[in-house]
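Read-outs throughout are calculated quantities, based only on the coordinates presented, and are distinct from any laboratory measurement. Since this is a predicted model, take the numbers as computed values, not measurements. As a convention, Cβ positions derive from the backbone with ideal geometry for all residues, glycine included, and neighbour counts pool all protein chains shown.
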Amino acid sequence: MLLLAVDTATPAVTVALHDGESVLAESNQVDARRHGELLLPSVDKVLAEAGLKLDALTGIVVGVGPGPYTGLRVGLVTASTFATVLGIPVHGLCTLDGLAYAAGAAGIEGPFTVATDARRKEVYWARYEDPRTRVGEPAVDRPADIAERVAGVPAVGQGALLYPEVFTDARAPEHQSAAALASLAVERLAAGQEFLPPTPLYLRRPDAQVPKNYKVVTPQ
Amino acid sequence: MADEPLVLGIETSCDETGVGVVRGTTLLADAIASSVDEHARFGGVVPEVASRAHLEAMVPTIERALKEAGVSARDLDGIAVTAGPGLAGALLVGVSAAKAYAYALGKPLYGVNHLASHICVDQLEHGPLPEPTMALLVSGGHSSLLLAPDITSDVRPLGATIDDAAGEAFDKIARVLQLGFPGGPVIDRLAREGDPKAINFPRGLTGPRDAAYDFSFSGLKTAVARWIEAKRNAGEEVPVRDVAASFQEAVVDVLTRKAIRACKDEGVDHLMIGGGVAANSRLRSLAQERCDDAGIILRVPRPKLCTDNGAMVAALGAEMVKRNRPASDWDLSADSSLPVTDPHVPGTGEAHGHAHSHAHGHDHDHVHELSKDNLY
Ligand SMILES: [Zn+2]
């Protein structure tokens, strides 16, 4: 087994190679505005580090968000294109699930919250019973509006660290890691569990407004 | 013919997901998925709606183009993609797909300029471009006069619109007349039944002291809207066909007049017209008339190659391969305001890139984004 995991749903551009036993190589860069530029060189770098070529892959793992869409799409279209050319499966995973799994590796047992930055003073978030068990679907909210629901438990992710007044027990990990996402995928594959399709979790509608009635140009 | 470069081209700068395959100057496939219907009720292209549609359509459209061309991806000599100008988020989907595709196949990647592609597409219709070629590019996103001594390395802007693009003016007038979006085809159709001389609308920037090759359609748009409002306020019926014909005549009169003048001034005997507005029947006929009078050879591709498509990107990519232009790097960016003077984005040859400079001047002649950031 050789999995390439990529996630571009958060400010992190993160890539990892996993052979089913362990992580062979990984690349983590945080730059919210350069996902498009950074992703392919990162893939090239982890493959070179492991001394492997892309055609050795047996599967692709991709974070499907939620996350800012422009960056998120870079990872998804890259994963889908690789999978099509190589004729291998692409396994979608909720980005927050990757962070929860990393939190587990960092020693958090649960229950806890994962929150990432949704910009516009909102967070993408979900609650977890334990590092492998999410409670319900991810959502996007203003931190103040969910204060009661996330009170009393630890929280991980940049969204938690950004709003300490709501997430009073915010901790590391701050950023998504493709290595954690790959490890989670390996577990799920072994357990025969389902994956998500490689399409974005769009939790917001496009900001498009149907124009108001035609505006008169003649001075009144 | 078989030794000419086989190139796949990807275009996602606006609302069409286009993938084309060409061999040299021969068109093999031109697959398109359009999101135009999803934008219609918004009266214009909504960047986030376009980006979502590109992501869904990208891989299937690539597959469809290859199948249509009857070639194997392994036989390609390169992958070309529109690097800009265009909508940032939309471009990024195509650029990311092109990189992944090129990388997975072990093929060179060519990030190319959308405007140069609009010119180069005519090679698929009328054979190799004469050097130099004068090009008039008119669409909803651009209105430019360009002189191209070498489409792969030397494209010179002579003039551009200082406000609205020509296609934008068609959309806005269609809206005033409540004809829906996009406005170009419906105005063209109604104008055929109207009198182009019924109303004398202003010809922007045609005075003796005005910039010879620049365009302005904003004043015309306002003049037409005022004329219509005056009729409505007087309780009279608006002669829609005459308004459409007279408005259209004002646009194509200025476009062709300036293009012919540029040809004469520069001593160029070939004029190429491209972009979505080149599908306009009156623009085509008036340009033909005036070129014939001036002894200029007119080259206008068929309408499907004038609007945004992947074949035009593949056509320019094939020319890049043929002329041994350097490929782009894996850190190629989508540049929403890529200058027209950069026909492609050559790599530095270093494996891990350079900081991309955005210091170049931003002119008005690129797709206008409704919102700068997709801050979701
Ligand atoms: Zn165009």
Counting only residues 5 or more apart in sequence or on a different chain, those whose built amide H sits under 5 Å from that of A:VAL13 are A:GLN29, A:VAL30, A:ASP31
Shape descriptors of segment A:107-169 over alpha-carbon atoms, Rg and Dmax in angstrom, are 10.4, 31
So, for the Cα atoms of segment B:167-261, Rg and Dmax in Å stand at 13.2, 42
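Give the peptides B:288-295, B:87-94, B:331-338, A:64-71 in descending order of average Cβ contacts within 10 Å, highest first. Let's see the in-between values first.
Details: B:288-295: 13.8, B:87-94: 28.6, B:331-338: 23.6, A:64-71: 27.0.
So the order, starting with the most tightly packed, is B:87-94, A:64-71, B:331-338, B:288-295.
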Applied in sequence order to segment B:155-163, the curve 6.51 cos²θ - 1.76 cosθ + 1.60 (Karplus, θ = phi - 60°) yields integer Hz couplings, x standing for Gly and Pro, of 10, 10, x, 8, x, 7, 6, 9, 9
Cβ-Cβ cut-off under 12 Å around B:LYS99, Lys and Arg +1, Asp and Glu -1: the net charge is -3
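Quick one: grab the alpha carbon gyration tensor of segment B:133-299, order the square roots of its eigenvalues as a ≥ b ≥ c, and give me rounded if a/c is under 1.5, else prolate or oblate depending on whether a/b is larger than b/c.
prolate
In terms of the Cα gyration tensor, with a ≥ b ≥ c the square roots of its eigenvalues, is chain A rounded because a/c is under 1.5, prolate because a/b exceeds b/c, or oblate?
It is oblate, given that a/c is not under 1.5 and a/b is not larger than b/c.
Once you charge only the Cβ atoms, +1 for Lys and Arg and -1 for Asp and Glu, what is the size of the charge dipole of segment A:107-169 about its Cα centre, to the nearest 20 debye?
220 debye
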CD proxy, 222 nm, the protein assembly as shown: helix-only mean residue ellipticity via -39,500 (n - 2.57) per DSSP H run with n ≥ 4, per residue, nearest 500, stands at -11500 deg cm²/dmol
Once phi for every residue in segment A:45-59 is put through the Karplus expression 6.51 cos²θ - 1.76 cosθ + 1.60 (θ = phi - 60°), the whole-Hz ³J(HN,Hα) values, with Gly and Pro written as x, are 5, 5, 5, 4, 4, 8, x, 10, 10, 4, 6, 7, 5, 10, x
Note, segment B:132-140: 3J(HN,Hα) by Karplus (6.51, -1.76, 1.60, θ = phi - 60°), whole Hz, Gly/Pro = x, goes x, 10, 8, 10, 10, 10, 9, 7, x
Highest mean packing first, using Cβ neighbours within 10 angstrom, the peptides A:158-171, A:84-97, B:232-245 sort as A:84-97, A:158-171, B:232-245
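Compute the convex hull volume of the Cα atoms of segment B:208-262, divide it by the residue count, and report the result per residue in Å³ as a whole number.
Dividing the Cα hull volume of segment B:208-262 by its residues yields 76 Å³.
From other protein chains only, count the Cβ atoms within 10 Å of every residue's Cβ in A:80-87, then give the mean. Write out the running numbers ahead of the final one.
Working: counts 7, 12, 4, 3, 10, 10, 2, 0.
Taking the mean over all residues of the peptide, I get 6.
Could you line up B:SER144, A:SER42 from fewest to most neighbouring Cβ atoms inside 10 Å?
With the sparsest Cβ surroundings first, the list reads A:SER42, B:SER144.
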Of all DSSP beta bridges having both residues in the protein assembly as shown, the percent classed as antiparallel (nearest 5) is 65 percent
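Kindly put A:HIS18, B:HIS126, B:HIS114 in sequence by how many other C-beta atoms sit within 10 Å of each C-beta, fewest to most. Let's see the in-between values first.
Working: A:HIS18 25, B:HIS126 16, B:HIS114 28.
Fewest-to-most Cβ neighbours within 10 Å comes out as B:HIS126, A:HIS18, B:HIS114.
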Checked segment A:54-132 against the a/c 1.5 cut and the a/b vs b/c comparison, axes a ≥ b ≥ c from its Cα gyration tensor; verdict oblate
Helix B:310-322 sits off the longest principal axis of the Cα atoms of chain B, rounded to the nearest 10 on a 0 to 90 degree scale, by 50 degrees
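Count charges around B:PHE170 for me, please; just the other residues with Cβ under 11 Å from its Cβ, Lys/Arg as +1, Asp/Glu as -1.
Numbers: positive: B:LYS172, B:ARG175, B:LYS221; negative: B:ASP164, B:GLU168, B:ASP171, B:ASP188.
With Lys, Arg at +1 and Asp, Glu at -1, the neighbours total -1.
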In degrees rounded to 10, the 0-90 angle between helix B:166-176 Cα long axis and the longest Cα principal axis of chain B is 50 degrees
Helix B:218-233: inclination vs chain B longest Cα principal axis, degrees, rounded to 10, gives 40 degrees
In segment B:133-299 the DSSP beta bridges are antiparallel at a rate, in percent to nearest 5, of 60 percent
The residues A:VAL46, B:VAL112, sorted from fewest to most surrounding Cβ atoms within 10 Å, come out as A:VAL46, B:VAL112
Which residues qualify? For A:VAL156, with a placed amide H closer than 5 Å and at least 5 residues away or on another chain, they are A:THR113, A:VAL114, A:ALA115, A:ARG171
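Give B:LYS231/B:LYS304; B:LYS264/B:LYS304; A:LYS45/A:LYS121; A:LYS53/B:LYS322; B:LYS107/B:LYS258 a once-over and call out the pairs whose C-alpha atoms are over 32 Å from each other.
Numbers: B:LYS231/B:LYS304 37 Å; B:LYS264/B:LYS304 29 Å; A:LYS45/A:LYS121 35 Å; A:LYS53/B:LYS322 28 Å; B:LYS107/B:LYS258 42 Å.
Too far apart for the 32 Å limit: B:LYS231/B:LYS304; A:LYS45/A:LYS121; B:LYS107/B:LYS258.
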Chain B, convex hull of Cα, quarter of hull surface, nm² -> 19.1 nm²
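Give me a single rounded figure for B:43-52: the average over its residues of other chain Cβ atoms within 10 Å of their Cβ.
4
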Quick P(r) readout (segment A:1-130; Cα-Cα; 5 Å bins; whole %) gives 2, 11, 20, 23, 20, 14, 7, 3, 0
Over all directions, the protein assembly as shown yields a Cα convex hull whose mean projected area in nm² is 29.5 nm²
Here P(r) for segment B:101-191, Cα-Cα distances in 5 Å bins, as whole percents, is 3, 12, 17, 15, 15, 14, 12, 8, 3, 1, 0
For segment B:231-313, the percent of all C-alpha pairs falling in each 10 Å bin, from 0 up to the bin holding the max distance, is 16, 39, 27, 12, 6, 0
Counting sequence-distant residues (5 or more places) and residues on other chains, those with an amide H built under 5 Å from that of B:LEU158 are B:LEU145, B:LEU146, B:LEU147
Averaged over residues of A:196-205, the number of beta carbons from other chains lying within 10 Å of each residue's Cβ is 2
